[in-house]
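Presented below is the structure to which this report refers.
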Amino acid sequence: MTERKKPYPFDVFEPKWQAIWDDQKTFKTPNPGDANFDASKPKYYVLDMFPYPSGAGLHVGHPEGYTATDIVARYKRMKGFNVLHPMGWDSFGLPAEQYAIKTGQHPAITTFQNIDNFRRQLKMLGFSYDWDREIATTDHDYVRWTQWIFLQLYHSYYNTDLKKARPISELEAQGLSRDEIDAKRLAYVAEVAVNWSPDLGTVLANEEVEEWKSKGHTVERRPLRQWMLRITDYAERLIDELEPLDWPESIKLLQRNWIGKSEGAEVQFTINGEEITVYTTRPDTLFGATYMVLCPEHPLVDTICSDEQKAAVAAYREECASKSDLERTDLAKDKSGVFTGAYAINPVNGNQIPVWIADYVLMGYGTGAIMAVPAHDERDFEFAQKFNLPITQVVQPPSEDINWQGYCGYEGTSINSDFLTGLPTPEAKATMIQWLEEKGKGNKKVNYKLRDWLFSRQRYWGEPFPIVWEDGHHKAIDESELPLLQPELDDFAPTGDPRGPLVKATDWISYSETAQRETNTMPQWAGSCWYYLRYLDPHNEYRFVDQAVEEYWMGSSKQAGGVDLYVGGTEHAVLHLLYARFWHKVLFDLGHLTTNEPFHKLVNQGLILGEDGQKMSKSRGNVVNPDDIVLEYGADSLRLYEMFMGPLKDVKPWATKGVEGISRFLARVWRVAFRENQEGKWELNPKLVSGDSAEESKILPSRKELHKSIKKVTQDIEDMSFNTAISKMMECTNTMTSAEQVDVTDYATLLSLLNPFAPHLTEEIYSQLRDIFPQLPEGQLCQHTWAVAEEKYLIESSVTVVVQINGKLRDKMEVPVNTSKEEIEQLALNSERVQSFIEGLTIRKVIVVPGKLVNIVAN
RNA sequence: GCCGACGUGGCGGAAUGGUAGACGCGCUCGACUCAAAAUCGAGUUCCAAAAGAGUGUGGGUUCGAGUCCCACCGUCGGUACCA
């Protein structure tokens with residue numbers, strides 16, 4: 001790359017201002033109780049999703065959201081808010097651990113190096129974070145409180161009457177047994193089928209399986225004893241309390257679908273005198289239940305299976321057990337199953353129906369058993385066809401055109417259904433539920449797709465559980481023993497032992513003569529579940545966050561949720577945002593927090609694609625490195641370009657030519673203030689004037705444009721429509737560029753509008769101008785008050801009114817602002833062009849929109 | 001399959017139901033220069049221009065539709081036997 005002259009000297013002043021902000025702690029935010037805290041100002045908490053500090057460094061996607069929040073943060077400060085704008089690191093994670101295994105280097109070392117690199121890159125972009133609040137989830141001090149929160153979960157249960165978490169001590173007081181209590185904890189142990197990767201030596205979340213498989217790792221299904229968090233108890237609240245939040249409707253929907261609420265009934269069938277419960281959303285179709293299906297893992301399978309079918313059933317169960325969730329769904333097209341030899345009695349008509357097992361019924365949802373109604377369920381229909389099972393129609397579709405066979409989901413009228421016959425579906429459902437409840441054969445039931453959260457991992461680089469095992473029972477260690485750090489290990493490699501690599505630390509494991517430590521660690525989600533709370537009070541040694549501080553930053557009497565603005569990618573629409581909401585609610589229930597929701601307003605930035613319109617990836621070779629862009633065009637150009645590309649939430653392709661355009665714009669802003677002299681030095685542009693040297697007529701066009709810009713930019717920032725704000729500032733700059741004179745205060749005001757977007761350039765120009773024009777207000781622009789548009793400069797004396805004939809544009813005319821409707825109509829009709837078009841036509845109607853247009857309807 | 005978002009110049013994108021294409025990129029021409037770069041100025045939806053056409057397609061509502069309604073097509077994202 002050849003070194004060419006910079007269009008303006010960003011390479012000199014950008015590092016200079018970054019150093020000033022660092023040294024003077026310009027963006028340090030005091031807490032309530034701190035010396036220079038101003039309680040009269042309203043608060044505003046702007047949060048970014050903190051990054052995982054990968055070895056690859058910052059991606060251009062990071063500065064997109066981070067610039068948006070930085071603009072808002074700087075704007076709100078100028079508007080007179082106490083602004084909290086922190087940054088930190090989500091620094092536990094599998095990649096660091098894999099790298100450690102490969103190189104033998106401790107993951108803490110690479111993690112710290114990566115954090116240093118990320119911090120350098122973020123500072124290079126001039127974000128106004130309060131770096132004194134920086135945290136990393138791997139900090140010992142942070143781990144301590146993550147573990148403390150886990151203990152809050154461990155020591156709580158969900159009280160279904162109060163619909164909130166309550167301390168376990170309440171159950172102890174009720175005299176419940178140890179096992180009964182353990183079965184109610186929000187953090188509990190269960191034997192579950194997991195995705196185990198022998199070569200990674202850990203279980204993986206369902207959504208991680210694909211990724212690691214593609215990297216050549218093997219993943220298998222096996223039952224393991226795991227820590228679980230009882231998020232399902234919160235399913236209802238996680239749906240209901242989403243409602244008042246200012247989130248994109250599509251994200252709310254995504255969460256609702258993920259939680260998957262459905263309303264129906266549980267129905268008791270009997271097999272050989274034993275009761276078995278099924279769940280259905282269509283109790284009105286009970287008369288059409290012609291067979292029953294249990295999932296292969298159902299506990300009743302062994303007891304009901306007939307001798308003749310034992311071998312076949314056992315073979316089928318084995319086949320299913322070896323399949324992963326993924327393989328099971330891959331084979332979704334083709335139904336498989338085996339007859340158990342048993343028959344169930346349908347409670348509504350006493351019919352004997354065959355009981356099958358099939359893998360299209362899942363253990364984890366409902367009761368793991370279904371009544372099959374092949375006439376009105378697509379899957380049951382397929383299955384019944386394949387195995388020649390009877391099909392009985394019990395719902396008449398709403399229209400003759402609809403084929404009832406296997407057609408599901410419609411509501412119609414019950415037929416062939418005894419006491420339900422003739423009833424429309426909603427009434428039939430209600431009637432059936434009432435009948436079941438009266439006979440003690442079933443009840444109304446709400447079900448959720450959401451499963452409990454599998455919370456353990458078999459990794460080294462994660463928070464250890466503050467738990468020990470004694471006599472086969474788990475128990476919490478004391479809070480005073482926190483943080484419980486991982487032992488030092490030279491070898492982190494997986495052993496194949498499903499307890500994880502920590503089993504190698506024999507000294508560490510041994511807690512006492514009789515007790516041993518839990519060797520599982522927490523998933524990466526743990527740290528990201530509450531980091532926004534630790535920012536509030538990051539150095540507190542006594543509490544995870546001080547109560548008064550938490551109440552100030554998170555509390556609000558008017559809105560739901562504490563963080564005023566949260567910006568991040570859609571990839572976290574469900575998991576992170578659901579997990580964080582869950583933890584927040586538990587802490588709220590236990591009295592530790594003031595709001596029941598963490599994030600009031602959520603905005604998702606859109607993905608930035610490569611120049612080729614494809615997703616950026618190393619293999620495609622279309623990755624843009626922010627370091628390169630900053631070197632060539634400067635940080636302000638990168639910031640501005642990413643905001644100018646298009647609406648924040650849209651997916652949009654990168655174009656380096658576009659960065660050049662933005663760089664030209666910033667150079668134009670610079671050249672309103674400075675011009676190059678003979679020696680190539682920048683000197684004051686003589687068009688900048690003040691006081692007596694200003695000629696009203698020469699400075700007025702710029703001033704008018706400026707005030708329009710103030711209005712537009714203010715509104716656009718409020719709407720987070722940054723691209724249009726920038727185009728308005730471009731227009732204003734263009735006006736000043738071509739003006740003969742510009743009043744220096746007008747120009748300074750433009751700089752203050754641009755300051756949140758391009759902080760380095762604007763501070764540099766302003767500080768230089770203040771040396772020449774001492775009448776300008778003191779201090780950095782970012783500490784000034786946001787400009788207010790003056791009405792007198794917004795008023796125009798005349799407007800362009802367009803004249804349409806039958807909706808087609810035919811003429812334009814310039815009229816004084818206050819011209820009456822009647823006058824405008826007359827002027828339009830008198831226009832020569834209009835005359836030529838309406839010649840020979842009859843005018844039917846004339847519509848006049850004052851100040852805008854005239855539409856003449858004629859034929 | 002289902003759910004959601006989106007379809008506007010050569011490109012990124014603007015448009016409270018009221019002048020479609022702001023602003024920027026690219027391109028063309030001009031000024032400056034020995035020359036180039038940079039910069040500044042003019043132009044740039046299509047058609048040679050007038051007329052006309054034009055916001056994925058077809059209908060509808062309206063004096064007037066990119067915008068509202070119905071149907072369809074396409075692209076992207078999420079989800080996947082949830083009974």
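Some points to look at:
- From phi via Karplus (6.51, -1.76, 1.60), per-residue ³J(HN,Hα) for the stretch A:649-655 in Hz, x at Gly/Pro: 7, 7, 7, 8, x, 6, 9
- Two-site FRET efficiency, residue A:475 against residue A:120, from Cβ-Cβ distance with R₀ of 45 Å, rounded to 0.05: 0.50
- Loop trypsin sites (Lys or Arg not before Pro), the stretch A:637-695 (other Cβ atoms within 10 Å of the site Cβ: 10 or fewer; DSSP): A:681
- Across the stretch A:211-222, coupling constants 3J(HN,Hα) worked out from phi with the 6.51/-1.76/1.60 Karplus curve, θ = phi - 60°, read 4, 6, 4, 5, 8, x, 8, 9, 9, 10, 8, 7 Hz, and Gly and Pro carry x.
- 0 to 90° range, to nearest 10: angle between helix A:61-78 axis and chain A longest Cα axis: 60 degrees
- Modelled FRET efficiency - R0 51 Å, residue A:847 with residue A:614, Cβ distances, 0.05 increments: 0.55
- Based on the convex hull around the alpha carbon atoms, chain A presents an average projected area of 50.0 nm².
- To the nearest ten degrees, helix A:696-718 and the longest principal axis of the Cα atoms of chain A are 10 degrees apart.
- Computed over the stretch A:652-707, the Cα gyration tensor eigenvalues convert (square root of 5λ each) into semi-axes of 29, 19, 6 Å, ordered from largest to smallest.
- The length gained by stretching the chain between residue A:499 and residue A:351 to full extension, at 0.36 nm per residue less their Cα-Cα distance, is 48.4 nm.
- What the Cα convex hull of the stretch A:706-770 gives, in volume per residue, is 76 Å³.
- Signed unit charges on C-beta, dipole axis of chain A, positive-most listed residue A:235, A:505, A:803: A:803
- Whole-Hz Karplus values for the stretch A:373-385 come out as 10, x, 5, 10, 9, 4, 5, 4, 5, 4, 4, 5, 5 Hz, taken residue by residue from phi with 6.51 cos²θ - 1.76 cosθ + 1.60 and θ = phi - 60°; glycine and proline positions read x.
- Remark: the stretch A:621-671 carries a charge dipole of roughly 280 debye about the Cα centre, counting +1 on each Lys and Arg Cβ and -1 on each Asp and Glu Cβ.
- Modelled FRET efficiency - R0 60 Å, residue A:249 with residue A:692, Cβ distances, 0.05 increments: 0.60
- The alpha carbon centroids of the stretch A:35-61 and the stretch A:477-531 are separated by 31 Å.
- Projected label points at residue A:839 and residue A:160, each 7 Å from Cα along the beta carbon direction, are separated by 8.6 nanometres.
- Taking all pairs of distinct alpha-carbon atoms in the stretch A:627-669, Kirkwood radius in angstrom: 10.5 Å
- Global form of the stretch A:242-376, assessed from the alpha-carbon gyration tensor, a/c cut-off 1.5: oblate
- Amide H contacts for residue A:467 (H built 1.01 Å from N in the peptide plane; partners 5 or more residues away or on another chain; cut-off under 5 Å): A:477, A:518.
- When you filter the trypsin sites (Lys or Arg not before Pro) in the stretch A:463-547 for DSSP loop state and at most 13 other Cβ atoms inside 10 Å of their Cβ, you are left with A:543.
- Longest to shortest principal axis, alpha-carbon extents of the stretch A:1-146, angstrom: 53, 51, 25
- Cβ-based charge dipole, chain A, positive-most Cα from A:847, A:524, A:267: A:847
- Maximal additional length on extending the residue A:628-residue A:795 stretch stands at 55.6 nm, based on 0.36 nm per residue less the C-alpha distance.
- Amide hydrogen neighbours beyond the local backbone of residue A:202, cut-off 5 Å, H modeled: A:197
- Positive-pole candidate from A:690, A:714, A:701, dipole of the stretch A:663-761, charges at beta carbon: A:714
- Alpha-carbon centroids, the stretch A:76-122 and the stretch A:221-235: separation in whole Å: 29 Å
- Antiparallel bridges, percent of DSSP beta bridges restricted to chain A (to nearest 5): 75 percent
- Only the Cβ atoms of Lys and Arg (+1) and of Asp and Glu (-1) were treated as charged; on that basis the dipole of the stretch A:255-395 about its Cα centre amounts to roughly 280 debye.
- MRE, 222 nm, helices only [DSSP H, n ≥ 4, -39500 (n - 2.57), over chain A, to nearest 500]: -11000 deg cm²/dmol
- For the stretch A:200-253, diffusion coefficient by Stokes-Einstein and Kirkwood Rh (Cα), 37 °C, 0.692 mPa s, µm²/s: 224 µm²/s
- Along its three principal directions, the equivalent ellipsoid of the stretch A:126-176 from the Cα gyration tensor extends over semi-axes of 36, 14, 6 Å, largest first.
- Listed by chain and number, the lysines whose alpha-carbon sits under 28 Å from that of residue A:445, ignoring those within fewer than 8 places in the same chain, are A:163, A:164, A:184, A:252, A:261, A:335, A:429, A:585.
- Close amide H pairs (under 5 Å, H built 1.01 Å from N) link residue A:136 with A:89, residues at least 5 positions away or on another chain.
- Between the helical axis of A:575-589 and the longest alpha-carbon principal axis of chain A there is an angle of about 80 degrees.
- Local electrostatic count at residue A:816 - Lys and Arg +1, Asp and Glu -1, tallied over other residues with Cβ under 12 Å: -3
- The dipole here belongs to the stretch A:8-136: it is taken about the Cα centre, uses +1 on the Cβ of Lys and Arg and -1 on the Cβ of Asp and Glu, and is about 320 debye.
Every read-out reported here was derived from the displayed coordinates using simple, explicitly stated rules and does not represent laboratory data. Computed from a predicted model, the values in this text were never measured in an experiment. Counting neighbours? That spans all protein chains shown, and the Cβs are built from the backbone with ideal geometry, glycine included.
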